[in-house]
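What follows is a single structure, written as structure tokens, with notes after it.
The values are calculated or read from the model by the stated rules, or taken from the named source; none is laboratory data. Since we're looking at a predicted model, the values are computed, not measured. So basically every Cβ, Gly included, is an ideal-geometry build from the backbone, and we count neighbours across all protein chains shown.
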Amino acid sequence: MSERLILAIETSCDETAAAIIRNGSEIVSNVVSSQIESQKRFGGVVPEIASRHHVEQITIVIEEALAKANMQPSDLDAVAVTEGPGLVGALLIGINAAKAFAFANGLPIVGVHHIAGHIYANALVQEMQFPLLALVVSGGHTELVLMREHGSFEVIGETRDDAAGEAYDKVARVLNMPYPGGPHIDRMAHEATAAVEFPRAWLEDSYDFSFSGLKSAVINYKHNMDQRGEEIIPEQVAKGFQDSVVEVLTTKTLRAAKEFNVKQVIAAGGVSANKGLRTSLEEVFEKEGIEFTVPPLKFCTDNAAMIGAAATYMYDAGVRGNLAMNGLPGKELTSWSK
Amino acid sequence: MIWLGIETSNSPLSIAIVKDGQVLAEIVQNNKLTHSVTAMPTIEEVFKKAKLNPSDIDAIAVAQGPGSYTGIRIGVTIAKTLAWTMKKPLVGISSLKTLAANVKIFNGLICPIFDARRQNVYAGVYKGKELETVLEDQHLSLEDLLMEIKKQDEPVVFIGLDVDKFKEDIIAQLGNQANFAPYSYQLPRAGSMIELAEKEQLLSVNEVHTFVPKYHRIAQAEATWIKEQKKGHE
């Protein structure tokens with residue numbers, strides 16, 4: 001197939017990002033402008049603040065992606081943008097910038113599902129092998145997705161309450177760690193020699209997840225200790241919490257991988273940057289002889305390179321958006337169709 | 001000189017192309033559809049009606065606020081992206097002044113109003129054919145606005161789709177001083193906005209990057225945060 005160059009834009013949460021991807025796998029440029037420093041003040045992402053930052057950053061980030069690639073708009077074949085899910089006001093900035101850019105430069109536009117993007121971050125590392133199982137874990141998502149071929153998605157399990165990343169952030173707050181709390185919990189868990197025992201929500205016979213009970217157990221533990229005037233050991237709480245999350249995620253992913261006889265398991269999303277989770281998944285799948293991949297750290301968190309990777313496969317399949325495309329905050333992950 | 005004008009700051013949408021002081025095509029609608037869906041297709045349509053291509057334009061004017069946060073951001077995002085990628089200058093115009101332009105032949109004060117909820121408004125007061133500023137655009141209580149206008153002791157015309165909500169209060173405060181624009185004048189027109197933009201300085205391409213909406217109000221979370229910081233210092 002001839003060369004395809006795609007400009008991708010991602011603004012679904014608190015990163016303003018643009019990237020240029022060649023042939024679905026080669027990163028020509030990748031720019032991410034993070035709002036973490038600003039959002040830290042509020043202990044989480046405030047949607048209105050996120051939208052305001054996106055408007056400030058959007059053309060700067062796109063221009064930088066083009067400049068780093070040493071390219072002009074006329075070099076591109078298409079523009080891709082995250083359509084959803086995400087914060088609606090945030091999505092709208094990327095979508096309207098993408099539509100305006102596409103209109104001005106006479107380019108086709110492709111709307112990408114954010115989770116498809118996270119999964120396709122792996123295509124930036126190596127070719128995907130089907131059937132494939134993806135464990136998507138982030139601040140907003142905890143899903144097991146089965147793919148039988150490119151563009152085919154079956155969500156076989158998902159969280160019934162909190163996303164794993166959400167639970168991490170809440171537990172971090174209980175332990176007085178700053179936002180975003182996930183990396184702190186991961187680090188503290190590794191420093192601990194012992195762990196406080198917390199429950200595991202197995203939800204037997206289902207690939208679904210639940211983390212709200214675990215979160216409550218951590219809060220109750222802290223509360224009880226406070227009432228008794230005893231000090232908690234934050235590292236041991238962090239380890240107990242992380243052990244529970246990692247064991248449930250690993251066990252369910254392994255069971256699904258065996259049941260569907262997959263050739264490859266991939267981890268995707270912000271929480272897949274977690275060292276505890278990575279190590280656990282690597283160990284079990286090495287033992288099982290099933291190929292396991294996880295994208296490099298910088299492609300685990302939100303970025304536009306992954307959107308460009310997914311968009312290239314969609315573009316090849318003939319999927320096209322139009323100037324009436326809207327932000328879809330609750331967009332479901334469905335298989336691609338023209 | 002060919003201008004593209006984009007106005008999405010509240011529920012109405014208006015897009016226009018003006019060439020050398022003539023409106024070639026203008027769309028004004030108030031069908032409550034989301035600007036995120038309708039703005040770009042309407043821009044495409046206006047180009048078609050004017051028989052022009054995107055690259056034919058020389059400058060872009062956009063309503064910069066105040067108004068609906070999301071609405072202004074959609075217009076500003078589209079305008080700055082078009083201006084940047086086509087290397088065209090950009091001008092931001094007050095959404096309130098754009099509306100005031102509809103009745104600039106009124107002999108007296110012109111007060112465009114947008115509802116900002118809880119008896120607060122975004123408003124400005126303008127005067128005369130040149131729309132000179134009497135009261136800068138701002139977020140204030142309706143009560144304070146009416147007090148300011150009363151002091152002026154001049155006839156005033158109120159304009160805007162939200163004026164109806166405040167009509168009783170306005171009449172109670174201002175009586176005969178107050179006039180109300182007929183409904184066919186209540187929608188902002190991108191053509192009038194371009195007419196205002198022609199008198200303004202054009203922003204360079206570099207300034208386009210830092211062009212942002214004029215919300216006239218900080219975000220709630222930020223206001224709360226600032227209050228907490230102040231408390232912490234006391």
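Matching residues to (1) in contact with a strand residue (DSSP E or B) (Cβ under 8 Å, 6 or more places away or on another chain); (2) among the small types (Gly, Ala, Ser); (3) not assigned by TED's automatic domain parsing to the domain that holds A:PRO178:
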| site | (1), (2), (3) |
| --- | --- |
| A:VAL45 | no, no, yes |
| A:HIS53 | yes, no, yes |
| A:ALA65 | yes, yes, yes |
| A:GLU83 | yes, no, yes |
| A:VAL88 | no, no, yes |
| A:ALA102 | yes, yes, yes |
What is the one condition in (1) assigned to a helix (DSSP H, G or I); (2) over 21 Å from B:THR70 (Cα atoms); (3) more than 16 Å from the chain's Cα centre (by Cα) that B:GLY191 does not satisfy? (3)
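Taking the criterion of being on the phi > 0 side of the Ramachandran plot and within 26 Å of the chain's Cα centre (by Cα), would at least one residue in region A:236-243 satisfy it?
no
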Considering only residues of region B:183-225 that are of a type in the set (Asp, Glu) and farther than 20 Å from B:ALA100 by Cα, which is farthest from the other protein chains (Cβ to nearest Cβ)? B:GLU207
Of the residues A:ILE27, A:ILE60, only one is more than 16 Å from B:ILE218 (Cβ to Cβ) and at the interface with chain B (Cβ under 10 Å from one of its Cβ atoms); which? A:ILE60
(1) farther than 25 Å from A:LYS298 by Cβ; (2) within 8 Å of another protein chain (Cβ to nearest Cβ); (3) within 23 Å of the chain's Cα centre (by Cα); (4) buried (at least 21 other Cβ atoms within 10 Å of the Cβ): which one isn't true of A:ILE109, the others all being true? (2)
Quick check on my filter: what residues within region A:25-41 are in contact (Cβ under 8 Å) with a residue 40 or more places away in the chain, under 17 Å from A:ARG173 (Cα atoms) and either surrounded by fewer than 20 Cβ atoms within 10 Å (Cβ to Cβ) or out of contact with any Asp or Glu (no Cβ under 8 Å at 6 or more places or on another chain) (or both)? A:ILE36, A:LYS40
Would you point out which residue out of A:ILE156, A:ILE115 is assigned to a helix (DSSP H, G or I), in contact with a strand residue (DSSP E or B) (Cβ under 6 Å, 6 or more places away or on another chain) and β-branched (Val, Ile, Thr)? A:ILE115
Hits in region A:296-324 - residues which are more than 17 Å from A:LEU7 (Cα to Cα) and within 14 Å of chain B (Cβ to nearest Cβ): A:ALA324
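Being crowded, with 24+ Cβ neighbours inside 10 Å and within 7 Å of another protein chain (Cβ to nearest Cβ) is the filter here; which residues of region A:90-106 pass it?
Step one: of region A:90-106, the residues crowded, with 24+ Cβ neighbours inside 10 Å are A:90-102.
Residues satisfying the conditions are A:LEU92, A:ILE93, A:ILE95, A:ASN96, A:ALA97, A:LYS99, A:ALA100, A:PHE101.
Filter region A:298-338 for residues that are in a loop (DSSP other than H, G, I, E, B), among the charged types (D, E, K, R) and under 19 Å from A:CYS13 (Cβ atoms) and give the result.
Within region A:298-338, A:ASP302, A:LYS331, A:GLU332 qualify.
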Does region A:173-180 contain any residue that is at pLDDT below 95 and closer than 17 Å to A:THR142 by Cβ? yes
In region A:15-34, the residues that are touching a strand residue (DSSP E or B) at 6+ places or on another chain (Cβ under 7 Å) and farther than 17 Å from A:ALA67 by Cα: A:GLU15, A:SER34
Would you check if B:PHE180 is touching a strand residue (DSSP E or B) at 6+ places or on another chain (Cβ under 8 Å) and within 14 Å of chain A (Cβ to nearest Cβ)? no
Whether any residue in region A:214-222 is within 20 Å of A:GLY139 (Cβ to Cβ) and among the aromatic types (Phe, Trp, Tyr) is what I want to check. no
Could you check how many residues of region A:31-51 are assigned to a helix (DSSP H, G or I), more than 11 Å from chain B (Cβ to nearest Cβ) and not hydrophobic (A, V, I, L, M, F, W, C)? 1
Scan of region A:66-89 for residues that are within 12 Å of chain B (Cβ to nearest Cβ), in a helix (DSSP H, G or I), out of contact with any helix residue (DSSP H, G or I) (no Cβ under 6 Å at 6 or more places or on another chain) and touching a residue at least 40 places away in the same chain (Cβ under 8 Å), ordered by number: A:LEU66, A:VAL88
Starting from region B:26-51, keep only residues that are closer than 12 Å to B:SER14 by Cβ and facing chain A (nearest Cβ under 9 Å), then list their pairs with residues that are surrounded by 17 or more Cβ atoms within 10 Å (Cβ to Cβ) and of a type in the set (Phe, Trp, Tyr) whose Cβ atoms are within a distance under 8 Å, requiring at least 6 positions of separation or different chains. B:ILE43/A:PHE103
B:GLY92 among the small types (Gly, Ala, Ser) and either away from chain A (no Cβ under 11 Å) or more than 23 Å from A:ILE9 (Cα to Cα) (or both): yes
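Working carefully through the options A:ALA134, A:ALA164, A:ALA90, find the one that is under 25 Å from A:ILE49 (Cβ atoms) and modelled with pLDDT of 95 or more.
A:ALA90
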Would you point out which residue out of A:GLU235, A:GLU204, A:GLU230 is of a type in the set (Asp, Glu) and in a helix (DSSP H, G or I)? A:GLU235
Please indicate, with yes or no, whether at least one residue in region A:193-207 is of a type outside the set (Phe, Trp, Tyr), modelled with pLDDT of 95 or more and surrounded by 19 or more Cβ atoms within 10 Å (Cβ to Cβ). yes
Starting from region A:159-188, take each residue that is of a type in the set (Ser, Thr, Tyr) and list its partners that are outside any helix (DSSP H, G or I), counting only C-beta distances under 6 angstrom and pairs at least six apart or across chains. A:THR159/A:THR142; A:THR159/A:PHE209; A:TYR168/A:GLY181; A:TYR179/A:GLY43; A:TYR179/A:GLY44
